[in-house]
1. Only one residue in Leu185, Leu156, Leu122 is in contact (Cβ under 8 Å) with a residue 40 or more places away in the chain and either assigned to a loop (DSSP other than H, G, I, E, B) or not polar (S, T, N, Q) (or both). Which one?
2. In segment 107-126, is there at least one residue being closer than 22 Å to Glu195 by Cβ and touching a Cys at 6+ places or on another chain (Cβ under 8 Å)?
3. Being outside any helix (DSSP H, G or I) and of a type in the set (Ser, Thr, Tyr), is that true of even one residue in segment 198-209?
4. Quick check on Trp89: is it of a type in the set (Phe, Trp, Tyr), assigned to a helix (DSSP H, G or I), in contact with a Phe, Trp or Tyr (Cβ under 9 Å, 6 or more places away or on another chain) and at pLDDT 95 or above?
5. Restricting attention to segment 191-225, report how many residues are among the hydrophobic types (A, V, I, L, M, F, W, C) and surrounded by fewer than 24 Cβ atoms within 10 Å (Cβ to Cβ).
6. Scan segment 94-108 and give yes if some residue there is under 17 Å from Leu17 (Cβ atoms), in a helix (DSSP H, G or I) and of a type outside the set (D, E, K, R), otherwise no.
7. Tell me whether segment 157-167 contains one or more residues that are closer than 18 Å to Thr33 by Cα and modelled with pLDDT of 95 or more.
Amino acid sequence: MLRDQFGNVTLFNGDALSVLSDMPEESVDAVLTDPPYSSGGTTITARQADPASKYQASACKRHYPPMLGDAKDQRSWTAWCMVWLGQCWRVAKAGSPLMVFTDWRQLPALSDSVQGAGWKWLGIVPWDKRNARPQIGKFRQQCEYVVYACKGSLALATRKCLPGLYTCPVITSQKVHLTSKPVALIRDLLAITCEGGTVLDPFMGGGSIGVACRETGRGYVGIELSPDYYTISLDRIRQTEQNA
């Protein structure tokens, strides 16, 4: 398992459950992550299809490294989420916020897993992406969601009243991952975390959360299974370090 550490950033190239199990209790101030959705279809065949065909239009010419761990059915995905969320609960300090991205298909399952793992469910924050595949005669599925919760009673990190919905477009030219989240959106979500605190991200992907943490002066612990995406994230976050 690879490990890189610089400044207040620690990155692991390995399985999230293995890394989390070795982390000390109550060692992070927040959890913000974007796990594989194992979604994109209503049948097991559709769910187990190549993520490149599930999550982007067929006419798209841009290709990304393969995503790992995105072929579970809903029952196994729910159980798996409960396990890693339980480990996140263990390593989070009392009062820590939890934020996990999901889509409309997995939203009910994720809310069950969050509560089953011991977190206190506080609500859902919709993210309006402003773009989505057109569907004749149907509403666009242009929102994804952040399930947010806390360990015990939420430790307030700000006196501001934060929005209940965020609008932030996906800029294709800035994407490094098939399901990249905009860094600007992550910066907004970090407002609920304490300044200078350490944010845990068990599914680092393309490193957007790590970049936003560096840009806002927060520590970051990122874990990524894919060697390809680990290298991409390491390079992106190191570049942020250089620009700090």
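The values are calculated or read from the model by the stated rules, or taken from the named source; none is laboratory data. Because the structure is predicted, anything quoted here is derived from the model rather than measured. Every residue, glycine among them, receives a Cβ derived from its backbone with ideal geometry; neighbour counts consider all protein chains shown.
1. The match here is Leu185.
2. Yes; the residues of segment 107-126 include at least one that is closer than 22 Å to Glu195 by Cβ and touching a Cys at 6+ places or on another chain (Cβ under 8 Å).
3. Yes, that holds for at least one residue.
4. Yes; evaluated as a whole, the condition is true for this residue.
5. 6
6. Looking for residues that are under 17 Å from Leu17 (Cβ atoms), in a helix (DSSP H, G or I) and of a type outside the set (D, E, K, R), one finds none in segment 94-108, hence no.
7. Yes, because at least one residue in segment 157-167 is closer than 18 Å to Thr33 by Cα and modelled with pLDDT of 95 or more.
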